[in-house]
Each structure stands twice: as structure tokens, then as C-alpha cells.
Amino acid sequence: MTVRVTTLKGTGAGRYYTEHLPSYYLDGDEPPGRWWGRGAHRLGLSDEIDPEAFLAVMAGHDPATGQDLGRRMGEESVRGYDATFSAPKSVSVMFALGEPDVRRHVVEAHERAVEAVLGWVETHAHTRMRRRGHIVCVDTEGIVVGVFRQHTSRKLDPQMHTHAVIANRVRAPDGRWLALDARTIKVDQRTLSALYHAALRSELTRRLGVRWASPEHGIAEIADIDPEILAEFSQRTTDLQRRLGEKLTRFRADLARNPTPSERWKLEREAAIDSRPAKPHGISAAELRQEWQERVRALGRDPDRIIEAVVGRRRGLEGIDAATAARLVELALDSLAERQSTWRPAELIREMAAATPTTTTADSAELTDFLQRLADHVTTARCVDVSRPIPAGAALRRDGRPINESAVERTLTTEAILDEEEQLISWADRRRDGHTPADPIIRHGERLTPTQAEAAAVVAGHRGLELIVGPAGSGKTTMLASAVTELRAQGRPVFGVAPTAAAADVLAVETGMGADTLDKLLSEHRHTTRPPDPAYDLPAGATVIVDEAGTAATANLAELAGLADQSEWRVVLVGDPRQFSAVGRGGMFGHLVDAHGCAELDHVHRFRHVWERHASLRLRNGDPIVLTEYDQHGRLHGGTLNQMEEEVITAWQQARRRGETVALMANNTDTVARLNRLAQHTRLEAGELDPAKPSLQVGDESMLIGDEVVTRRNDRRLRTDRGQMVKNRDHWTITNIHPDSTVTLAGRTGAIRLPVKYVAEDLELGYAQTSHATQGRTVDVALLLVDAPTDSRGIYTPMTRGREGNDAYVAVDDNQTALDVLTQAIGRDWIDQPAVARRTQLDPRRDRQLDDPGDQEEYAKLERRIFHSIEQRRARARDAERTAGRGLV
């Protein structure tokens with residue numbers, strides 16, 4: 001995602017743009033800001049931004065009269081939102097190396113794309129106001145935007161980007177100036193990004209005839225610029241971060257406080273200048289362009305030839321024809337249906353923008369308008385609306401939705417998804433219905449607790465479908481081992497499936513049954529040219545145990561249901577609906593548990609400290625008060641991001657030196673990558689790694705002999721010296737790096753020499769991992785870095801991995817504590833809710849009159865639940881899409 005929206009708070013929020021951006025260490029070569037939007041025109045603002053007028057608007061004042069625009073803002077009020085549009089690195093390089101005419105076209109293409117997206121934002125801008133005792137969401141009469149274009153990053157590498165500062169004041173239909181309802185721009189950042197990139201590609205293809213590589217997540221680089229050139233302008237991060245860390249440390253030591261955002265920006269810019277060769281004066285744009293060209297020549301490349309190889313390579317299409325539009329629709333719906341049960345119209349247009357052909361040459365505004373009209377058509381023609389029905393006579397917004405519905409609430413799905421979910425529900429009803437024989441006595445469970453013994457008896461019973469729920473650390477595996485022993489004692493076959501091959505290995509070892517991934521079991525039975533492998537050709541009456549069933553995708557569960565009927569298997573679903581759900585479309589395990597009940601384990605065994613056993617159950621239930629208990633026991637740590645990174649790495653290093661197993665976790669892959677680099681650097685400083693030995697550059701990571709790494713794709717063709725396959729998320733140590741770039745690894749399943757292609761594409765540093773990847777694991781110490789919004793599952797799951805301790809290191813603002821941040825997080829629930837569940841919740845037969853206060857409260861709760869689900873899907877989408885292609889079969 002390269003459009004990011006940042007909330008601007010406090011009295012100094014606007015000064016960053018008027019005091020720092022104009023120079024940007026380029027001696028005024030950057031263009032001044034300019035006004036944009038119907039709201040700006042209404043205030044008499046146009047063309048170049050006057051700093052005083054900009055500060056007045058950001059303070060909520062009319063710049064002409066000085067009068068307040070609506071309610072007076074407080075010192076900590078939200079002043080606006082910075083939507084930052086960043087071009088792909090290859091586009092910035094094209095600007096950096098191109099002649100004036102090329103640079104002009106790049107700038108104009110970028111500006112037109114930004115304006116097209118701002119037009120989309122303005123059309124979908126809303127505000128909230130009180131009407132007849134209720135809060136309603138209404139259209140606005142435009143937005144006020146200050147647009148600041150920049151050409152370099154803070155590291156002074158080429159980076160074309162624009163800060164579009166959207167003021168937190170919009171004019172309502174009744175003439176009042178009110179706060180912007182920012183949920184649309186905050187929730188739909190990925191939509192803004194997809195629209196921007198589609199428009200930018202279209203503009204540059206038309207203007208300069210460039211060719212594009214295949215887009216990934218809607219973002220593409222120019223195809224004819226060598227990756228080596230892109231890497232050259234992306235490699236100064238390490239030195240800059242070191243210098244910035246030194247400056248931040250000195251600042252805190254001298255002033256005994258953390259820097260404000262403005263002060264931190266100054267320190268970052270100083271670090272950027274310090275990391276460059278010294279100059280006796282400020283750096284101009286011309287000097288920077290000369291330096292950029294010299295860096296390219298140092299690589300043995302000619303800047304002019306690089307640009308010549310890019311321009312005029314393709315003649316694009318004039319527009320999108322009917323066949324292409326139909327293809328866009330199918331790609332968008334397929335992409336959405338694979339990942340989530342429901343979606344909003346903005347998510348639909350996002351997927352269409354991401355799939356727009358790179359050969360398109362439409363004008364930015366025309367392309368954005370076309371995609372919106374196509375999305376509107378698909379919404380009514382191809383989707384099923386599972387939103388709350390519109391009451392008769394309700395006042396409507398421009399989007400056709402009632403004003404008492406939030407701007408991000410409309411929810412869509414398809415008939416195919418509803419049919420699949422309803423068939424799965426009917427299957428469960430049928431299998432759970434009727435007389436059930438008495439459960440057997442478990443003869444092999446003498447050490448089980450009463451609820452474990454009861455659950456084991458259910459697993460070893462005879463009903464066609466059983467549901468077992470076990471909180472983290474409640475001994476699910478111990479219970480399953482006893483049930484497997486009983487089933488085998490009765491001569492009944494049993495087979496286990498897990499979400500990953502590595503987890504299936506653990507399940508097999510700890511329970512004694514054969515096990516593999518659910519994907520593998522299903523794939524063996526999809527073959528039409530051969531029978532399933534004997535290991536997966538289970539006889540009638542076999543029991544299939546699905547471990548971590550909450551992570552099973554709905555499509556896989558539905559396929560398993562059909563296969564179980566066909567093969568006459570029993571199915572036992574075991575998991576915890578309060579932990580992470582499926583990477584793709586899911587939520588059905590929790591829905592079935594709600595509908596049918598379950599056997600539930602109620603005693604936690606994992607933790608050494610008695611208080612933590614009880615506290616973990618309260619954490620699971622979303623009780624914010626329990627966080628105080630964690631805080632009192634020293635488990636919560638707060639500070640700046642730099643401080644928290646230093647502290648969590650120190651704790652990680654100390655745990656390893658004590659000989660403890662440790663999980664170092666974060667909730668997104670960017671933070672995991674950063675922690676991996678820090679951990680590696682810590683080992684280098686400690687002398688645990690030798691930089692003089694052979695090393696290998698893999699993507700952005702440099703790997704050394706002795707580094708701990710993780711494989712990220714199952715490959716049944718690659719076998720260790722013990723005959724074990726290479727699995728996704730298996731952990732290894734590098735024992736040798738060979739001259740041909742192959743790598744020898746040693747792990748718990750043996751040693752293997754990985755081929756070059758696997759190393760280049762599917763090997764990563766393995767010191768840290770995502771919280772999602774740790775589900776099902778048990779270690780001595782669990783360490784979680786929280787540097788981005790998360791939900792209750794993003795706290796509960798990682799904070800229950802450690803036997804001896806579970807600590808959270810939370811990046812906070814000056815006016816926050818770790819307890820504050822985690823209290824907000826634990827109140828959110830971002831699970832992908834099945835479409836049938838959402839439709840049931842919104843069934844008009846269950847509603848009273850909309851104006852009933854009881855309904856209003858219930859409706860507000862539902863709205864918050866939907867909003868947080870949307871926010872979670874946005875936060876997790878990149879990690880989920882990355883994991884989805886890792887070859888689970």
C-alpha cells in the first residue's frame with residue numbers, strides 16, 4: 001500500500017507543512033503547496049497556499065474572517081488527515097534520471113492520478129450530525145485540501161510523493177461546518193492506493209509509452225528498469241537508522257522527554273544529511289540529480305540509455321472494452337470471495353482498480369469514474385446486499401443509503417458464498433441431529449481433567465460431527481492423544497489435519513496419529529486420473545480430526561463436508577474461535593459452535609504462574625480490566641518505537657542466553673522484517689555471527705552462516721537427509737553458503753542443501769515471526785512488539801504462547817501508556833464473519849422501529865463490529881495474500 005492516511009492532532013499539526021516542507025533541504029526547488037477541493041473554493045482558497053491561511057484552516061478558522069468554522073477546536077483536537085501518495089520506485093527513478101520533458105510528464109501523470117483519487121474521496125466524503133435525537137451520516141459540500149508535492153525521501157533518494165492534507169472541517173447540507181467523517185479514508189487506504197496506481201500507470205502509458213511488470217497487490221514497477229538500479233536508491237536505510245537512533249538517544253538524555261512529531265522530523269532530516277558526503281551549503285535539486293546520475297554511472301550504467309530503454313516501448317489501449325470490463329468483474333469478485341465472506345463497494349472498486357490492464361491509456365479522472373460506475377453496476381447486478389434493509393421513506397445520501405447508516409457499513413456478498421455457507425450449516429445440522437449413543441469410557445486418560453476426559457470421550461464417540469473448543473494452553477493435544485489411543489484400541493481408524501505441514505508434523509508426533517494438511521487431504525481426493533494415495537484413502541467410519549479448525553477456510557470446510565459424506569467419515573473440529581481465524585474466507589467454526597454448542601476445555605495448564613492461568617481466560621474473553629493485572633506483574637512495556645525495539649531485542653537476547661525457547665513476534669510482516677534485521681545485528685555485535693564468512697543477499701536481507709532462517713513454502717520434492725520434506729515455517733540454521741548461491745541448512749528434521757530458486761524466493765530470516773504464525777506453538781518466553789493497531793486476537797494469541805512469561809512491548813505516543821493502547825485493542829474484534837451470520841443479524845424480522853432507543857444501541861454495536869472487521873481486513877490483507885500462495889498442499 002503506497003497511499004497512507006495519518007491523523008494530524010494538536011495545535012502544531014499544520015506547521016510541519018509550512019515550516020519544513022517548503023525547503024526540504026532543496027533550497028526552495030520543490031514547488032509550493034496548492035489548494036484543492038470544492039470546500040477550499042467555498043472559502044475563497046485557490047492556487048498557491050499561503051502559510052497563514054493554511055494554518056488558519058488547520059486550526060478550524062475561516063482564513064478570511066478569522067471566525068471559527070464550527071465548534072472551536074481543543075488543543076488535542078484532530079486537525080486533519082495527511083493522505084500521502086507515493087509513486088513506485090521505478091517512477092521516481094525515471095523522474096530522477098530523465099530529461100526535462102520526461103520529468104514533466106512524470107510529474108503531470110503523478111499529479112493527475114492524485115487529483116483523480118482526491119475527486120473520488122470528495123464524492124464519498126461525509127460528516128456526522130445530530131438529527132431528531134440521533135446521529136446521522138450525511139453528504140458534504142466538498143473538502144478542503146492542501147496539496148504538497150515532493151521529489152525526494154527523507155533519505156534524499158528519489159521518491160515522487162504528495163502530501164494531500166485534508167482539513168477536518170467540511171460543510172454540511174444545512175450550511176454548518178462540521179468534522180469530516182474520516183472512516184472512509186482511514187478504512188479504505190488500500191482502495192485509494194489501488195485507484196492511484198491504476199491511474200498513474202494509465203497516464204504514463206499514454207504519455208511515455210512505458211511497459212509495466214505484473215502488478216502485485218495493485219502496485220507495479222516499470223518493466224524496463226533494472227532492479228539493480230532500484231536497489232541502488234533503496235539502500236541507505238541502515239546508516240540513516242543508526243544515526244537517527246543516536247540523535248534520538250541524545251535528545252532524550254538532554255531533554256528528558258521524547259521528541260514531538262515536528263522535532264522528530266527535524267532529527268530524521270539531520271540524520272539524512274549526516275549520512276551523505278559533507279557539503280558546504282544546502283543541497284539543490286540540480287545537485288541531487290547530478291549525484292543520482294553519478295551513482296548510476298558507478299554501477300557501469302548510462303542514465304540516458306536507461307530512460308531510452310523505457311520510453312516508447314508500448315502503445316496502450318484507448319479504453320476498456322466490454323470484454324475487458326467483464327474480465328475485471330470476474331477477477332475482482334473471485335479475489336474478494338477467496339479472502340472474505342462479505343465486502344463493501346469500496347473494496348469492490350479496489351479489486352477492479354488492481355486488475356485494470358497495464359496497457360490502459362485512459363485519463364485518470366475518466367478511468368476512476370469508469371471504475372466507480374462499473375462497481376455500482378456490479379453491486380446491484382452481481383452481489384447480494386446483506387446490509388440492514390432501508391426503511392420506507394428514509395432520507396438517503398448520494399450513495400443511495402439511509403443517513404442513519406454509517407458510511408462504511410454497506411455489506412455485500414454473492415449467492416455462491418451464501419449457498420456454500422448455508423450448505424455447510426445444513427450439513428452440520430444433519431450430522432449433529434438425532435440420537436447419539438453413550439460416549440465410551442476413556443481408559444487411557446487417567447491424567448486428564450474432567451473436561452479433558454469429557455472432550456476426549458466426545459472425540460472418540462460416534463456422532464458424525466463433533467465440535468471441541470479449547471482456550472490457549474488448555475491441553476487440547478493431550479486430550480487428543482488420549483482420544484486417539486481410545487479410537488485405536490477400538491480398532492477405528494483416525495487421521496488428523498492441521499493448517500500447515502509443520503503443525504501437522506507436531507500433531508502427528510504428539511498424538512501418535514497420521515497427520516497432514518487439510519489442503520493435502522482434499523487435493524488427494526480431487527484427482528480424477530488416479531486414486532488417492534493410501535495414506536489419505538481413509539475407510540468408511542474413519543474419524544478425521546481437524547486441529548486449529550478456526551483457521552480453516554470456509555471453502556475447505558465445505559469441501560471436507562462433501563468428502564466426509566461421500567466417504568462416510570466422522571469429522572471432529574477442534575479449535576478456539578477466540579484466536580486467529582482463516583487466512584482466507586472463514587469464521588464458520590465459530591458460527592457452528594454458536595449454533596450447536598461444543599465440548600469445551602475450561603482449565604489452563606500451560607503457564608507456570610497461577611495468576612496467568614486465570615488471567616489468560618479473561619484476556620480471551622476481552623476483559624480490559626485484566627490488562628491491569630498484566631501491567632502490575634511487569635508484562636506491559638511502553639515507549640517510543642525505537643525504545644520498544646531495543647527493549648524487546650534485549651529481552652530476546654537475554655532469554656536465549658538463559659537457554660530458553662523464545663517467540664519474538666509482531667502483527668505484520670514489515671515489523672517482523674525489521675525485528676529480524678535487529679536480531680541479526682545483535683548477534684553480529686555479540687560475536688555469534690562472523691561477517692568474514694560467506695554471506696548471501698536474499699531480497700532485502702543479507703544472510704550469514706549461523707543465521708536462523710525459516711522456509712516459507714512446502715515442497716514435497718525437497719527432502720532432508722532423514723527423508724523429511726521442506727515445510728512452510730520450518731526453522732533452520734544456515735551451516736554453509738556455497739559459491740553457486742545454494743545454501744545448506746540444519747533443522748530438527750535433518751539437513752538439506754536448498755536450490756538457488758528456493759533460496760531466492762522462499763527463504764527468510766527466522767528470528768521473528770508474525771503472531772498468526774505462532775498460533776498452536778508453545779515456548780518458554782513470548783515477546784510481542786505492538787507498533788500498529790490490532791484487535792483482541794492479535795493480543796490474546798501471542799500473549800499466551802509462553803510458559804514462563806508473555807510480555808508486550810507497545811509503541812505509544814507521549815500522552816499514552818501501553819495499558820491505554822492494549823485496552824483499545826482488546827475491545828476490537830476483527831474476525832471475518834460469515835455472510836449468513838451477518839444476514840441473520842440484520843434480518844428485518846428481528847428489528848423494531850429504527851428510532852427505538854434499544855435498536856439504536858444494538859445497531860451501534862453492530863456498526864462498530866462491522867467497522868473493526870473492515871479495519872482488520874485492511875491491516876491483515878497484505879500478510880494474508882502473501883501467505884495464501886505459500887503452497888499449503
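Where a number appears in this text, it was derived from the coordinates with a stated rule and is not lab data. Just so we're clear, the structure is a prediction, and the values are computed from it rather than from any experiment. As a convention, Cβ positions derive from the backbone with ideal geometry for all residues, glycine included, and neighbour counts pool all protein chains shown.
Things to note:
- Per residue Cα convex hull volume in Å³ - calculated over region 624-826: 120
- Of LYS186/LYS520; LYS89/LYS186; LYS186/LYS247, those spanning more than 29 Å from alpha-carbon to alpha-carbon: LYS186/LYS520; LYS186/LYS247
- DSSP finds beta bridges in region 624-826, and of those with both partners inside it, around 55 percent are antiparallel.
- Local electrostatic count at VAL93 - Lys and Arg +1, Asp and Glu -1, tallied over other residues with Cβ under 13 Å: -1
- With a cut-off of 14 Å between beta carbons, the residues surrounding VAL756 carry a summed charge of -2, where Lys and Arg count +1 and Asp and Glu -1.
- A simple spin-label model places the labels of ASP47 and LEU255 3.8 nm from each other, with each point 7 Å out along Cα-to-Cβ.
- Nearest-ten-degree value, helix 853-884 long axis tilted from longest Cα axis of the chain: 90
- For the peptides 378-391, 526-539, 180-193, the ranking by packing is 180-193, 378-391, 526-539, with the highest mean count of neighbouring Cβ atoms within 10 Å listed first.
- Dipole in debye (nearest 20) - the chain, about Cα centre, beta carbon charges: Lys, Arg +1; Asp, Glu -1: 480
- Gap separating the Cα centres of region 786-838 and region 85-118, nearest whole Å: 39
- Relative protection proxy for 419-429, 735-745, from highest mean packing down: 419-429, 735-745 (other beta-carbon atoms within 10 angstrom).
- Averaging the Cα positions of each part gives two centres, and for region 148-216 and region 660-692 these lie 34 Å apart.
- Peptides 649-660, 338-349 ranked from most to least packed by the mean count of surrounding Cβ atoms within 10 Å: 338-349, 649-660.
- Rounded to the nearest 20, the Cβ-based charge dipole of region 417-600 about its Cα centre (Lys and Arg +1, Asp and Glu -1) stands at 380 debye.
- Pairwise centroid distance, computed over Cα atoms, of region 562-592 with region 505-532, Å: 16
- Environment charge at LEU43 (Cβ cut-off 11 Å; Lys +1, Arg +1, Asp -1, Glu -1): +3
- Shown here: Cα Rg over 2.2 N^0.38 Å, derived from the displayed model; of the candidates [x] 1.18; [y] 1.10; [z] 0.98, it corresponds to [z].
- Residue-averaged [θ]222 nm for the chain, counting only DSSP H segments that reach four residues, each worth -39500 (n - 2.57): -13000 deg cm²/dmol
- Rounded tilt (10° steps) of 237-255 against the dominant C-alpha axis of the chain: 80
- Computed Kirkwood radius, in angstrom, where 1/r is averaged over Cα pairs of region 417-600: 16.3
- In this structure, LEU641 and GLU568 have a Cβ-Cβ separation that, at R0 = 60 Å, corresponds to a calculated FRET efficiency of about 0.60.
- Between 0 and 90 degrees, the angle of helix 669-685 with respect to the longest Cα principal axis of the chain falls at about 90 degrees.
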